[in-house]
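A.B. asks: Here it is, the structure, as structure tokens.
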Amino acid sequence: MISRRQLMRTVAVGLPAAVLGGTLSQVPAAQAHSRTRSITAEGYEQQACAPGSGKILQWGPASAPAVPAAGLSGVTAISTGACANLYNLMLKNGQVATWGNFNLNDPNQQRLSRVPVAATRDVTAIATAGAYAFALRDGGVIVWGGTRDTQLTLPEAAKSGVTAIAGANGGSSYGLFLKDGGVIQWNGYVAVPDEAKEGIVAISARQHALALREDGRVITWGPNLPANLMVPAEAQSGVTAISAGNGFSLALKNGAVLAWGNNEYGQLEVPYEAQTDVVAISAGNLASMALTADGKIVTWAYNFYKQLDIPAEAHCGASAISCGYVCMVLL
């Protein structure tokens with residue numbers, strides 16, 4: 001029997017990297033390669049670390065699909081899916097790859113496992129979205145998955161000029177696309193509010209949607225718990241990054257993590273280590289990750305799937321973080 005205390009414990013691990021802000025923040029290449037050092041971690045042999053190698057490091061459920069060989073170097077972006085046994089995305093040399101415990105006898109999972117030809121070159125961003133996946137290429141959104149081709153029709157506005165994409169990973173499957181400071185929504189159940197149609201600089205989606213205005217104010221919408229849709233006063237100004245979790249939300253303000261919504265497993269109990277000098281956040285299903293300026297990864301809340309058990313190799317440095325049921329960093 002696992003106690004609630006065990007499920008809610010926090011873990012902080014030091015990483016030798018400085019990372020720029022954002023939910024999936026990337027380190028400039030020169031900075032990422034600036035340090036190589038050896039570390040010693042309790043219970044582990046000494047190992048050489050090379051920040052900027054582009055290696056995916058993953059931990060969490062034992063049932064999670066292992067990172068394929070292609071994910072051990074040269075990766076530039078990652079996106080975790082909502083389900084531990086389904087799929088994740090990586091971006092390498094402009095090409096999207098997916099891996100997971102796909103049941104290829106299921107036509108729907110087979111569709112999701114096949115990356116379309118259009119997403120095999122010049123892709124600049126990726127996003128998982130439940131039964132769908134997204135890629136961004138030359139300002140146009142590419143989508144695949146679902147149960148039939150008729151579901152894959154994108155708004156005409158999403159075919160050019162898009163600068164950011166986000167996918168919902170719980171409950172419903174939908175996408176948010178940012179174009180000219182306005183949010184375009186695909187397959188959503190609740191319409192985009194007028195205040196999200198201009199002046200937006202960042203987007204995030206789970207069951208509910210988040211958008212960050214250029215004045216640092218967070219707005220939210222969607223068919224979710226009322227408490228999650230009530231943005232607290234602290235997030236009405238000065239916010240620099242956002243991340244939508246499963247029934248809760250995270251925001252970054254003055255280097256501190258703000259959290260609101262469902263707190264059943266301690267999702268809102270932000271630890272001390274994530275209340276100063278944080279530069280990147282990622283809200284998962286029931287757990288969250290933060291990355292600090294001095295290179296610490298902090299995880300908190302639900303640990304049934306071992307999301308809080310950060311492996312020693314995470315000391316090697318991170319250039320991006322992503323949290324779902326599975327936790328990932330990009331070294």
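The values are calculated or read from the model by the stated rules, or taken from the named source; none is laboratory data. Bear in mind that the values here come from a model prediction, so they are computed numbers and not experimental data. Neighbour counts are summed over all protein chains in view; Cβ atoms, including those assigned to glycine, are modelled from backbone coordinates with ideal geometry.
A.B. asks: So, restricting to strands (runs of 3 or more DSSP E) that lie completely within region 125-220, which ones have at least 1 residues that are in contact with a Lys or Arg (Cβ under 7 Å, 6 or more places away or on another chain) and under 17 Å from V231 (Cα atoms)?
C.D. replies: Once the strands (runs of 3 or more DSSP E) in region 125-220 are filtered for at least 1 residues that are in contact with a Lys or Arg (Cβ under 7 Å, 6 or more places away or on another chain) and under 17 Å from V231 (Cα atoms), what remains is 200-205.
A.B. asks: I'm checking my understanding of the structure. Among residues of region 93-109 that are in contact with a helix residue (DSSP H, G or I) (Cβ under 8 Å, 6 or more places away or on another chain) and of a type in the set (G, A, S), which one is nearest to T120 (Cα to Cα)? Show your work before the answer.
C.D. replies: Of all residues in region 93-109, those in contact with a helix residue (DSSP H, G or I) (Cβ under 8 Å, 6 or more places away or on another chain) come to 95-100, 102-104.
Going one step further and asking which of them are of a type in the set (G, A, S), we end up with 97, 100.
Details: A97: 8, G100: 18 Å.
Checked region 93-109; the qualifying residue nearest to T120 (Cα to Cα) is A97.
A.B. asks: Give the number of residues within region 113-124 that are on the phi > 0 side of the Ramachandran plot and either of a type in the set (G, A, S) or in a strand (DSSP E or B) (or both).
C.D. replies: 0
Conditions (1) surrounded by fewer than 19 Cβ atoms within 10 Å (Cβ to Cβ); (2) touching a His at 6+ places or on another chain (Cβ under 7 Å); (3) small (G, A, S); (4) at pLDDT below 85, marked per residue:
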{"residue": "S38", "(1), (2), (3), (4)": "yes, no, yes, yes"}
{"residue": "E42", "(1), (2), (3), (4)": "yes, no, no, yes"}
{"residue": "Q46", "(1), (2), (3), (4)": "yes, no, no, yes"}
{"residue": "G71", "(1), (2), (3), (4)": "no, no, yes, no"}
{"residue": "V75", "(1), (2), (3), (4)": "no, no, no, no"}
{"residue": "Y87", "(1), (2), (3), (4)": "no, no, no, no"}
{"residue": "M90", "(1), (2), (3), (4)": "no, no, no, no"}
{"residue": "A97", "(1), (2), (3), (4)": "yes, no, yes, no"}
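A.B. asks: Only one of A119, A157 is surrounded by 22 or more Cβ atoms within 10 Å (Cβ to Cβ) and modelled with pLDDT of 95 or more; which?
C.D. replies: None of the other options fit; the residue is A119.
A.B. asks: On the given criteria, is V257 in a loop (DSSP other than H, G, I, E, B) and either modelled with pLDDT of 95 or more or not hydroxyl-bearing (S, T, Y) (or both)?
C.D. replies: Judged against the criteria, V257 is not a match.
A.B. asks: Quick one: is W221 in contact with a Pro (Cβ under 8 Å, 6 or more places away or on another chain), at pLDDT 90 or above, surrounded by 21 or more Cβ atoms within 10 Å (Cβ to Cβ) and not basic (K, R)? Spell out the reasoning first.
C.D. replies: On the way: in contact with a Pro (Cβ under 8 Å, 6 or more places away or on another chain): yes; at pLDDT 90 or above: yes; surrounded by 21 or more Cβ atoms within 10 Å (Cβ to Cβ): no; not basic (K, R): yes.
So W221 fails the test.
A.B. asks: Another question, then. Could you check region 100-112 and list, in sequence order, the residues that are outside any loop (DSSP other than H, G, I, E, B) and more than 23 Å from S204 (Cβ to Cβ)?
C.D. replies: P107, N108, Q109, Q110, R111
A.B. asks: Quick check on region 224-247: of everything there that is touching a Leu at 6+ places or on another chain (Cβ under 7 Å) and in contact (Cβ under 8 Å) with a residue 40 or more places away in the chain, which residue is surrounded by the fewest Cβ atoms within 10 Å (Cβ to Cβ)?
C.D. replies: Filtering first and then ranking leaves T240.
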